[in-house]
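Undergrad: Following this message is one structure expressed as structure tokens.
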Amino acid sequence: MLSLRPIIFLLPLILLGSVQAQDLSTLAKGAGETAGSVEIESLQTSYDQTLGVFRAEGQVVVKYGTTMVHCDRAEYHQGTGDVFATGNVTIYRPGSLSRGNEAVYNINTGEITATELDTGANSFFLSLGEVTLPSENVDVIRAQSAFLTTDDSQTPNWKIKARKIVVYPDRYVAFHGATAYVGKIPVFYFPYFVQPVKSELGYMVMPGYSDAWGAFSLNQYGFMIGEHTLAKAKLDYRSARGVAGGVTLESMRYRGEPNFGTLQFYYAQDATPNVTPGGRPRDQLIDSDRYRLNFQHRVYLPGPEESSLYLDVDINKLSDQFFYLDFFPGEFRYDPQPDNLVNLVKYHPRGTLSLLGRFELNDFYRTDERSPELALDLTRQPIFNGGLFLEGTTSFAVLAEDLAGFETLNIANAITKTKADVDFLRSQEALGTDEQLSISVQRIEQQDLLRQLERTVDQRSYNRFDIFQQLVRPMQFADWLNVVPRVGAGYTHYSSVTARGLDGQSLETVDSLERPSLHAGVDMSFKLSRSYPGVRNRKIGLDQLRHILQPYTRFSYLAADDLSQSLPAIDRLAPTTKDRPLDVTRFTATDALRNWNIVRLGMYNRLQTRRNGGTFPWFDLNTFVDVYGQDPEFDRQTSNLFNEMRWSPLPWLSANVDSQLPMSGDYGFSEVNSYLAFQPSPNFTFSLGQFFLEDHPFFFDSNTTRLSTYTRVNDNWGLGTSHFYEAETSSLRLQQYTIHRDLSSWTAALGAQIRDNLGNEEFGLVFSLTLKAFPRVGTPTDLLNPTSNRFGGF
């Protein structure tokens with residue numbers, strides 16, 4: 001076989017005049033780098049100078065810019081810019097590949113015209129009849145008699161066949177007379193529909209069953225309003241509750257920010273509003289018209305560019321306190337009592353100035369209103385570059401707190417009952433029986449309870465001015481001992497304080513209350529370290545080892561008057577298992593400040609190794625205990641012994657343990673929270689968590705174990721499980737089972753859930769089907785992930 005050198009034709013030189021074909025190769029080599037030129041490589045070439053047509057045969061390659069055409073035969077018409085390609089045609093442009101038997105490519109417009117063409121772009125694969133592909137800059141595909149799939153195989157397991165199709169790969173696909181096939185079986189027919197590319201756009205549906213909702217179908221259609229707003233229209237059906245629907249608007253500017261740029265309305269005509277998800281009747285009557293209206297946004301001023309001055313808005317109006325629980329249980333678990341506030345913020349590297357308004361829109365929640373609160377927070381900053389730093393906060397607030405409607409009703413009923421008990425005990429005292437002493441003791445106890453109830457049900461309100469400023473001076477002695485003394489002073493003034501008097505008989509307004517405060521403290525620490533360069537063990541991720549010991553102590557003394565007997569505290573301490581902050585600037589329970597004298601003794605243990613060219617924290621352990629000279633909450637001598645452990649030896653193995661154990665019997669409790677994630681083989685991974693709490697003064701004992709697993713059975717099948725076991729009640733609180741099936745370009749999953757809700761078992765079943773080859777595209781049969789917050793985290 002005769003082997004011929006490829007011949008390259010370059011148009012700028014051909015236009016010079018009569019050049020014989022056998023000389024074109026030599027002339028072309030000198031100009032092969034010319035920008036915008038057409039290059040034609042082939043085994044046989046000819047040029048018709050009269051018609052201005054280049055002809056090439058055998059392993060033809062036509063190059064123009066970033067486009068290449070491979071074929072058996074080609075003609076290039078210089079006058080029109082058309083390249084006629086026949087025989088095993090392949091056209092490559094960045095991001096797309098097209099194949100066919102005949103095609104016309106125009107170098108001037110970039111259009112490709114063909115009668116039959118297979119093409120792909122951005123994970124789309126199409127078989128097209130009469131088709132025109134415009135230039136790569138436009139990236140639009142129009143075709144007659146076409147089908148689309150994401151399964152790149154000779155016999156795709158799904159496809160949509162249409163009489164006419166228009167594709168904008170980065171925007172949407174429009175189908176005319178479309179039939180959806182699974183294999184060779186038609187399953188849906190659509191006269192016309194538009195399917196956007198992004199996962200939030202287009203039609204999505206999630207069918208399933210749960211005891212709380214019955215059989216359900218959650219439907220959503222996403223579409224764009226202009227270029228900056230994503231709209232999601234929702235129409236849902238739950239057989240246990242009825243039809244519901246709404247719309248969500250999301251700003252594309254705040255993409256990925258769940259707290260900004262969202263407006264949502266959802267309405268339900270509930271068939272069973274007075275039944276809990278567990279099937280029990282409710283004590284309170286709920287109207288059947290149920291809804292939510294949510295608006296979260298950030299507005300930069302003057303805008304639209306980002307600036308240091310902005311307004312945050314968070315509005316959440318609900319029809320009742322059970323709406324999230326009944327329709328969006330995932331959101332209920334995350335935020336059971338949504339806030340309502342408007343906050344104007346001016347940010348500066350040295351501090352933040354804010355004007356906050358918090359108000360009550362939902363009278364069934366207990367709300368602390370701030371109308372408004374002006375606050376200036378100063379970050380730690382140097383003073384005169386002398387090593388001294390200043391930090392602090394200043395605020396003025398108009399505060400009020402209202403109980404939830406049902407709380408007011410319950411307490412009012414309790415007051416009525418307690419008053420009746422007191423009157424009855426007084427009548428028994430008057431009889432002068434042998435049990436008079438015991439009856440008197442009971443009457444006094446009931447009167448004390450009555451005073452507490454009456455003080456609780458009253459509205460709390462006052463104005464508060466608060467300032468606290470602190471000086472900090474970091475120092476180091478002998479190049480090893482770090483000492484950071486702190487001294488600060490504060491002043492809090494309350495006015496127009498409305499509260500029931502200590503006698504419990506009448507409401508009183510106190511003109512003024514004052515609380516000066518003085519704080520002093522010091523932090524001390526030093527480090528000891530030793531290196532072990534010979535320690536290496538790839539199995540546990542060790543490449544050299546350095547051990548660091550850092551003993552530390554923190555002393556904090558606060559002198560502040562206790563106003564708890566005369567002040568109805570609004571910013572107060574909430575029950576928790578965590579240790580309280582020792583720094584007044586980080587203590588947010590302003591109304592609960594009182595004398596304390598605390599020393600925190602601790603030790604950091606760190607093991608570090610080398611990884612990826614740097615230092616890696618292989619193991620961390622923080623151990624500490626608080627010793628009380630004066631305990632601000634209880635009468636303790638010491639706190640619990642805290643241990644915070646983190647171990648990350650390998651990418652597929654990590655463990656965390658947070659524990660606190662009592663040092664004494666008074667007010668001590670035990671808490672151990674541990675978590676282990678391990679992938680012992682490529683086909684199996686599991687996580688194990690243990691959550692233990694015992695003898696806490698406010699919370700119930702708990703001993704919960706959580707186990708989650710995923711097993712890859714083979715290339716097509718996978719199994720997932722999740723279990724929560726509560727040892728205190730000997731109950732399996734939650735069971736979740738999922739079967740995953742790989743369907744080439746699809747992934748199918750069938751999930752079942754069984755929940756033990758205080759003795760009532762709830763069952764749920766969800767099916768999902770998602771595209772794997774192109775996960776961003778949705779089709780009319782697309783099923784959403786059942787854990788999606790769109791469906792409340794079913």
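The values are calculated or read from the model by the stated rules, or taken from the named source; none is laboratory data. Owing to the predicted nature of the structure, the values given are computational and were not obtained by experimental measurement. Because the Cβ atoms are built from the backbone with ideal geometry, glycine has one as well, and the counts that use them run over all protein chains shown. For the accessible areas, the whole protein counts, side chains as well, though only heavy atoms, and no ligand, DNA or RNA atoms are used. Shrake-Rupley method; radii C 1.70, N 1.55, O 1.52, S 1.80 Å.
Undergrad: Look at the stretch 545-563 and say how many of its residues are open to solvent by 60 Å² or more (accessible area, probe 1.4 Å) and in a strand (DSSP E or B).
TA: Count: 4.
Undergrad: Just name the residue that is nearest to S46 (Cα to Cα) out of those in the stretch 104-119 that are in contact with an Asp or Glu (Cβ under 7 Å, 6 or more places away or on another chain) and open to solvent by 30 Å² or more (accessible area, probe 1.4 Å).
TA: V104
Undergrad: Can you name the number of the only condition in (1) modelled with pLDDT of 80 or more; (2) in a strand (DSSP E or B) that A212 fails?
TA: Every condition holds for A212 apart from (2).
Undergrad: Turning to a different aspect of this structure: Of the residues L344, L311, L318, which single one is under 24 Å from I467 (Cβ atoms), modelled with pLDDT of 95 or more and either among the hydrophobic types (A, V, I, L, M, F, W, C) or open to solvent by 60 Å² or more (accessible area, probe 1.4 Å) (or both)?
TA: L344
Undergrad: Out of the residues in the stretch 686-711 that are more than 27 Å from the chain's Cα centre (by Cα) and charged (D, E, K, R), state the one that is nearest to D666 (Cα to Cα).
TA: D695
Undergrad: Turning to a different aspect of this structure: Filter the stretch 135-153 for residues that are open to solvent by 20 Å² or more (accessible area, probe 1.4 Å) and either of a type in the set (V, I, T) or at pLDDT below 70 (or both) and give the result.
TA: S135, E136, N137, V138, D139, D152, S153
Undergrad: Is one or more of the residues making up the stretch 764-771 more than 21 Å from M206 (Cβ to Cβ) and open to solvent by 50 Å² or more (accessible area, probe 1.4 Å)?
TA: no
Undergrad: Every residue in the stretch 371-394 that is touching a Ser or Thr at 6+ places or on another chain (Cβ under 8 Å) and over 25 Å from M475 (Cα atoms), please.
TA: Once the filter is applied, which keeps residues that are touching a Ser or Thr at 6+ places or on another chain (Cβ under 8 Å) and over 25 Å from M475 (Cα atoms), the stretch 371-394 yields E373, L374, A375, L376.
Undergrad: While we're on this one: May I ask you to say which residue of R298, R333 is at pLDDT 90 or above and within 18 Å of the chain's Cα centre (by Cα)?
TA: Just one listed residue meets the conditions, R298.
Undergrad: Would you say K419 is in a helix (DSSP H, G or I) and either surrounded by 15 or more Cβ atoms within 10 Å (Cβ to Cβ) or modelled with pLDDT of 90 or more (or both)?
TA: So K419 passes the test.
Undergrad: Specify the residue that is farthest from G242 (Cα to Cα); the eligible residues are those in the stretch 283-308 that are open to solvent by less than 30 Å² (accessible area, probe 1.4 Å) and basic (K, R).
TA: R292
Undergrad: Report the residue count in the stretch 217-245 for those that are at pLDDT below 90 and within 25 Å of G279 (Cβ to Cβ).
TA: Count: 2.
Undergrad: Looking only at the stretch 35-57, how many residues end up being of a type outside the set (G, A, S) and in a loop (DSSP other than H, G, I, E, B)?
TA: The number of residues fulfilling the criteria is 4.
Undergrad: Give the residues of the stretch 84-103 that are open to solvent by less than 40 Å² (accessible area, probe 1.4 Å) and either modelled with pLDDT of 85 or more or of a type in the set (S, T, N, Q) (or both), sorted by residue number.
TA: A85, G87, V89, T90, I91, S96, S98, G100, A103
Undergrad: May I ask you to list pairs of residues, at least six apart or on different chains, whose Cβ atoms are under 9 Å apart, with the first in the stretch 276-293 being on the phi < 0 side of the Ramachandran plot and the second being among the small types (G, A, S) and surrounded by fewer than 13 Cβ atoms within 10 Å (Cβ to Cβ)?
TA: The qualifying pairs are G278/G759.
Undergrad: Given the criterion surrounded by fewer than 18 Cβ atoms within 10 Å (Cβ to Cβ) and within 35 Å of the chain's Cα centre (by Cα), identify the matching residue among F526, F616.
TA: The match here is F616.
Undergrad: Turning to a different aspect of this structure: Taking the options L355, L374, L341, L301, name whichever one is farther than 30 Å from V275 by Cα, among the hydrophobic types (A, V, I, L, M, F, W, C) and in contact (Cβ under 8 Å) with a residue 24 or more places away in the chain.
TA: Only one candidate passes the filter, namely L341.
Undergrad: Out of everything in the stretch 556-607 that is among the aromatic types (F, W, Y) and touching a residue at least 12 places away in the same chain (Cβ under 8 Å), what residue ends up being farthest from P516 (Cα to Cα)?
TA: Residue satisfying both the conditions and the ranking: Y604.
Undergrad: Output yes when any residue across the stretch 26-33 is open to solvent by less than 20 Å² (accessible area, probe 1.4 Å), in contact with a Phe, Trp or Tyr (Cβ under 9 Å, 6 or more places away or on another chain) and modelled with pLDDT of 50 or more, and no when none is.
TA: The answer is no, given that none of the residues of the stretch 26-33 is open to solvent by less than 20 Å² (accessible area, probe 1.4 Å), in contact with a Phe, Trp or Tyr (Cβ under 9 Å, 6 or more places away or on another chain) and modelled with pLDDT of 50 or more.
Undergrad: Out of all the residues in the stretch 591-604, which are in contact with a Ser or Thr (Cβ under 9 Å, 6 or more places away or on another chain) and open to solvent by 40 Å² or more (accessible area, probe 1.4 Å)?
TA: R594, N597, V599, L601, M603, Y604, listed by residue number.
Yes/no matrix, rows are residues, columns are (1) open to solvent by 20 Å² or more (accessible area, probe 1.4 Å); (2) in a strand (DSSP E or B); (3) under 26 Å from V483 (Cβ atoms); (4) β-branched (V, I, T):
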residue	(1), (2), (3), (4)
E369	yes, yes, no, no
P372	yes, yes, no, no
A375	no, yes, no, no
P382	yes, yes, yes, no
E391	no, yes, yes, no
A397	no, yes, no, no
A400	no, yes, no, no
T408	yes, no, no, yes
I411	yes, no, no, yes
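Undergrad: Can you pull out the residues in the stretch 645-677 that are loosely packed, with under 15 Cβ neighbours inside 10 Å, more than 25 Å from Y604 (Cβ to Cβ) and touching a residue at least 12 places away in the same chain (Cβ under 8 Å)?
TA: The answer is W652, D666.
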